[in-house]
Amino acid sequence: MTVTAVVLQSQFDAFFDRALKDQMHLGPSGLVFPAWRVSDLRMRMRVYFFNITNPVEVQLGDKPILNELGPYTWRIYMEKFDIKFHENSTLSYREKKWYQFLREESIGGYNDIITTVNVPYAAVAQRLKDGGTVAKSTATFTLNGLGQTVMHAKQVGELTFEGYPDFLILVANAVEAGKKEDSGFGTILGTGLRIFTNVLAAEPDVQGSFGYFVDRNNTDDGIVTIFTGEDNRQKINRVNVVNGHTELTTWPQHKCNKIKGTMGHLRPPMSSRENPLLIFVPDICRSLPLRYENVSVYEGLSTLRFVAGRETFNNSGPDPCFAGSRKFKSGVMDIGPCKKGAPLVISFPHYLFADEAHQNSVIGLNPRKEAHQFYLESDPLTGVTVSVRARFQVGVVMERVHGLGNLGTIFDGTIPLFWQELQLEALPPTVFQLSILRQLPIYAKQTALVLIGTAILISLIAVFLVYRYVHSTYVL
């Protein structure tokens with residue numbers, strides 16, 4: 001018993017690590033496969049709109065004065081289906097998402113009014129920027145006749161999942177009819193805008209509606225193929241193919257088009273905290289690097305926190321990888337190449353980590369790291385993600401177009417439209433299971449110590465009894 005206890009005490013860590021690694025894969029028998037298939041997470045999507053309080057002055061060239069309104073919150077349900085395992089230690093799947101509006105977790109309801117940029121109008125303006133005088137005059141007459149203005153007031157429901165009828169979208173649907181569409185790599189704004197600018201989603205909204213999340217409910221983003229990690233634990237959850245593509249064709253440089261990283265659910269078990277995480281984000285056609293920041297705590301569980309920093313949207317290097325046709329100072333990324341030319345940009349909320357020129361271009365922003373930084377927390381033992389705050393801001397590029405309505409005098413720059421937070425949190429049963437896994441080596445060592453102590457005690461008692469027996473025999 002003593003020998004067994006000593007072996008258990010000295011070898012259990014290595015045995016436990018080896019056994020855990022053997023189970024940490026996404027094969028059918030993998031320890032994490034059930035939770036990966038049906039996400040065992042509390043999921044929320046929160047949207048914060050930027051209400052423009054001086055729309056008339058903006059059209060005359062003044063800085064936009066913004067008032068943040070939010071959060072507007074939706075519960076997210078996700079489930080993977082059409083899961084197929086392949087011989088090369090990969091699996092393919094589709095993931096369906098449902099969104100349910102939560103009035104009790106929102107600042108207001110679907111009827112709240114937001115004054116914002118008319119994005120389809122801005123897209124039209126960009127297309128006509130280099131057009132002739134006749135084309136611009138005709139467009140101005142048509143837009144005015146349709147009651148279209150570059151600024152408008154819309155309800156939250158209209159701007160999000162419900163959408164609203166837009167004649168520009170309806171006309172563009174006819175223009176785009178018959179064109180073969182690229183399946184794309186996901187959406188960030190939904191389907192409405194794509195019909196006019198041919199940019200955003202795989203299926204056009206035939207009703208001619210625009211909304212940032214129109215047709216996103218009860219849908220999936222296509223087929224994703226990832227490595228299961230069965231043959232190599234370091235490859236677990238790494239993306240291999242997205243919608244039939246092994247790489248993108250979005251960016252000028254080949255190295256920028258490589259599909260790298262994971263979808264964020266898992267990282268390799270017991271991997272070094274110094275290894276940066278790469279999260280592939282289909283909506284912006286690139287991977288995001290997350291670097292280790294510190295040890296954090298989630299629901300009593302010690303975790304590793306990885307964050308996106310100012311280097312994520314750094315455009316000031318000698319050879320920026322994700323540069324579009326529009327040039328911006330650091331902190332803002334042109335996602336036009338990802339969205340086939342749409343005048344859209346992405347950044348962190350409130351231009352966090354961005355060049356001061358962006359933050360000073362509008363009035364009403366207050367970037368704060370604790371409220372606006374993108375971070376992910378994972379369990380250092382298993383690599384399971386337990387908490388995420390994925391935060392992005394979407395803006396529209398406004399450029400003066402002389403000869404097209406009042407766009408000849410409009411504010412020239414980027415205007416934030418909204419920022420979005422995707423919140424994922426592990427549920428108590430998952431946290432409990434991870435805590436138990438953490439404690440197993442400690443329990444084993446304690447058990448070994450008890451066994452060793454018991455063995456020593458039994459040995460001492462045996463020696464004492466033998467001594468008494470021998471001594472009593474000698475006396476007789």
message: Can you report the number of residues in the stretch 328-354 which are assigned to a loop (DSSP other than H, G, I, E, B) and touching a strand residue (DSSP E or B) at 6+ places or on another chain (Cβ under 8 Å)?
response: 8
- prompt: Among the residues of the stretch 361-379, is any among the aromatic types (Phe, Trp, Tyr) and closer than 20 Å to Ser39 by Cβ?
  reply: yes
task: May I ask you to list the residues in the stretch 369-424 that are in contact with a helix residue (DSSP H, G or I) (Cβ under 7 Å, 6 or more places away or on another chain), among the basic types (Lys, Arg) and not in a loop (DSSP other than H, G, I, E, B)?
output: Arg391
message: Can you find a residue that is at negative phi, surrounded by 21 or more Cβ atoms within 10 Å (Cβ to Cβ) and not in a strand (DSSP E or B) anywhere in the stretch 295-305?
response: no
message: Restricting to the stretch 264-294, name every residue that is among the basic types (Lys, Arg) and either buried (at least 19 other Cβ atoms within 10 Å of the Cβ) or closer than 30 Å to Gly336 by Cβ (or both).
response: Arg267, Arg286, Arg291
message: Whether any residue in the stretch 256-274 is within 16 Å of Trp36 (Cβ to Cβ) and among the hydrophobic types (A, V, I, L, M, F, W, C) is what I want to check.
response: yes
- prompt: Quick one: which of Arg238, Arg267 is in contact with a strand residue (DSSP E or B) (Cβ under 9 Å, 6 or more places away or on another chain) and modelled with pLDDT of 90 or more?
  reply: Arg238
field: Failed item, numbered, when Leu376 is tested on (1) at pLDDT below 90; (2) touching a strand residue (DSSP E or B) at 6+ places or on another chain (Cβ under 7 Å); (3) in the same structural domain as Leu352 (by TED's automatic domain parsing)
entry: (1)
message: Just checking, does the stretch 209-221 include any residue being on the phi < 0 side of the Ramachandran plot, of a type in the set (Ser, Thr, Tyr), in contact with a strand residue (DSSP E or B) (Cβ under 8 Å, 6 or more places away or on another chain) and at pLDDT below 60?
response: no
query: What number of residues within the stretch 112-169 satisfy the criterion of being of a type in the set (Val, Ile, Thr), assigned to a loop (DSSP other than H, G, I, E, B) and at pLDDT 95 or above?
result: 1
- prompt: Just a yes or no: is a residue in the stretch 277-294 part of a loop (DSSP other than H, G, I, E, B), at negative phi and of a type in the set (Phe, Trp, Tyr)?
  reply: no
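The values are calculated or read from the model by the stated rules, or taken from the named source; none is laboratory data. Everything quoted here is computed from the prediction, not taken from an experiment. For neighbour counting, all protein chains shown are included, and Cβ atoms are generated from backbone atoms with ideal geometry for every residue, glycine included.
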